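Down below is the structure, laid out as structure tokens.
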Amino acid sequence: MMICIVIPHYDHVPQFHAILPKLVAHQMPLIVVDDGSSEESFTALRRLLDEYANEATLIRQELNRGKGGAVMTGLRAAHKAGFTHALQLDADGQHDTSAIEGFRREAEKNPSYLICGEPKFADDISKLRFFARFITLWFCWLESLSTQIRDAMCGLRVYPLESVVEIIDNNRLGQRMAFDSEILVRAVWDNIPLKFIPVNVRYPEGGKSHFRYLRDNIEISWMHTRLITGMLLRLPALLRRRRVANKKRAPR
Ligand SMILES: Nc1nc2c(ncn2[C@@H]2O[C@H](COP(=O)(O)OP(=O)(O)OP(=O)(O)O)[C@@H](O)[C@H]2O)c(=O)[nH]1
Ligand SMILES: [Mg+2]
């Protein structure tokens, strides 16, 4: 297994600063994709990498495309560089980086799996966010016709690159916040096995989210419309697969 870390970054320098030394300690090659941050923020990001991780690869997208666009750029770059797996982590410092070692071990044991964080939230998450996440999860169950997906939005995952880059190259996936959910539903459709690992996620006071309620929710709604259509087109195959899985589970 050849694994690297991929970080999508958009104006999150102070938050990224707080986790970068901990990431570097894992001694995995680092690919950071800056998604059209301001010049000031990009310069600060470059300085930060020079200070803590001068072997990191920094890719700059001049125009902001969204988290999904940045992650896809990072995954393609990692694949092209010969990595077999990419651990994707958000730059906003919300995820407990001590979970990373467990993700790497799990990927080593199960190289074909897409390994996802299953967030354990503290009291600092807003009720609205919590509820919105559940609605998205429910749609993913419907679209994948299974309950394999236990969280659809966590920003800590390990992607097996061969199979995942094939999905992103052959489909037009959501470029913004839709990506995190869409890639999981498509992974289930393509029979890529999923595994979920609990990870502590915080919403610290003064933390910075770029989630834009109107724009991102419109994108997410459009994604669900496309995925429900996709599910209906695959309905016979998905139902057949469910029947086989249920038979395997049924007691003799
Ligand atoms: N929101 C947003 N994030 C981006 C974009 N491009 C890259 N990112 C990165 O994607 C990651 C997730 O961004 P957040 O704004 O925290 O979004 P989120 O974690 O889904 O939403 P919250 O639950 O509010 O934190 C961070 O590492 C961002 O720096 C973008 O255009 N918009
Ligand atoms: Mg976040």
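The values are calculated or read from the model by the stated rules, or taken from the named source; none is laboratory data. Keep in mind the model is a prediction, meaning the values are calculated, not measured. Don't worry about glycine lacking a Cβ; one is built from the backbone with ideal geometry, like all the others, and counts go over all protein chains shown. For the accessible areas, the whole protein counts, side chains as well, though only heavy atoms, and no ligand, DNA or RNA atoms are used. Shrake-Rupley method; radii C 1.70, N 1.55, O 1.52, S 1.80 Å.
Test each condition in (1) at pLDDT below 95; (2) small (Gly, Ala, Ser); (3) touching a helix residue (DSSP H, G or I) at 6+ places or on another chain (Cβ under 9 Å); (4) not in a loop (DSSP other than H, G, I, E, B) for Ala245 and report the one that comes out false.
Of the numbered conditions (1) at pLDDT below 95; (2) small (Gly, Ala, Ser); (3) touching a helix residue (DSSP H, G or I) at 6+ places or on another chain (Cβ under 9 Å); (4) not in a loop (DSSP other than H, G, I, E, B), the odd one out for Ala245 is (3).
Could you list, in sequence order, the residues of segment 187-226 that are acidic (Asp, Glu), assigned to a loop (DSSP other than H, G, I, E, B) and within 16 Å of ligand 1 (Cβ to nearest atom)?
Hit for segment 187-226 is Glu205, nothing else.
Is it true that Leu45 is of a type in the set (A, V, I, L, M, F, W, C), open to solvent by less than 10 Å² (accessible area, probe 1.4 Å) and more than 22 Å from Tyr159 (Cβ to Cβ)?
So Leu45 fits the description; yes.
Give the residues of segment 75-103 that are out of contact with any helix residue (DSSP H, G or I) (no Cβ under 9 Å at 6 or more places or on another chain), within 16 Å of ligand 2 (Cβ to nearest atom) and assigned to a helix (DSSP H, G or I), sorted by residue number.
Ala99
Checking the structure you have, find out if any residue of segment 101-114 is over 16 Å from Cys154 (Cβ atoms) and open to solvent by less than 30 Å² (accessible area, probe 1.4 Å).
Scanning segment 101-114, I find no residue that is over 16 Å from Cys154 (Cβ atoms) and open to solvent by less than 30 Å² (accessible area, probe 1.4 Å), so the answer is no.
Is at least one residue of segment 187-200 out of contact with any Leu (no Cβ under 6 Å at 6 or more places or on another chain), within 16 Å of ligand 2 (Cβ to nearest atom) and not β-branched (Val, Ile, Thr)?
yes
Can you name the residue in segment 133-165 that is without any contact (Cβ under 8 Å) to a residue 12 or more places away in the chain and of a type outside the set (Val, Ile, Thr) and, of all such residues, is least open to solvent (accessible area, probe 1.4 Å)?
Step by step, filter segment 133-165, then rank; the result is Trp141.
Quick check on segment 35-50. Is at least one of its residues touching a Gly at 6+ places or on another chain (Cβ under 7 Å), within 25 Å of Ser112 (Cα to Cα) and outside any loop (DSSP other than H, G, I, E, B)?
So far as segment 35-50 goes, no, none of its residues is touching a Gly at 6+ places or on another chain (Cβ under 7 Å), within 25 Å of Ser112 (Cα to Cα) and outside any loop (DSSP other than H, G, I, E, B).
Is there a residue in segment 237-249 that is open to solvent by 50 Å² or more (accessible area, probe 1.4 Å) and under 17 Å from the mean Cα position of the chain (by Cα)?
no
Answer yes or no as to whether Asp180 is in a helix (DSSP H, G or I), within 11 Å of ligand 1 (Cβ to nearest atom) and open to solvent by less than 70 Å² (accessible area, probe 1.4 Å).
Here the answer is yes, as Asp180 does meet what is asked.
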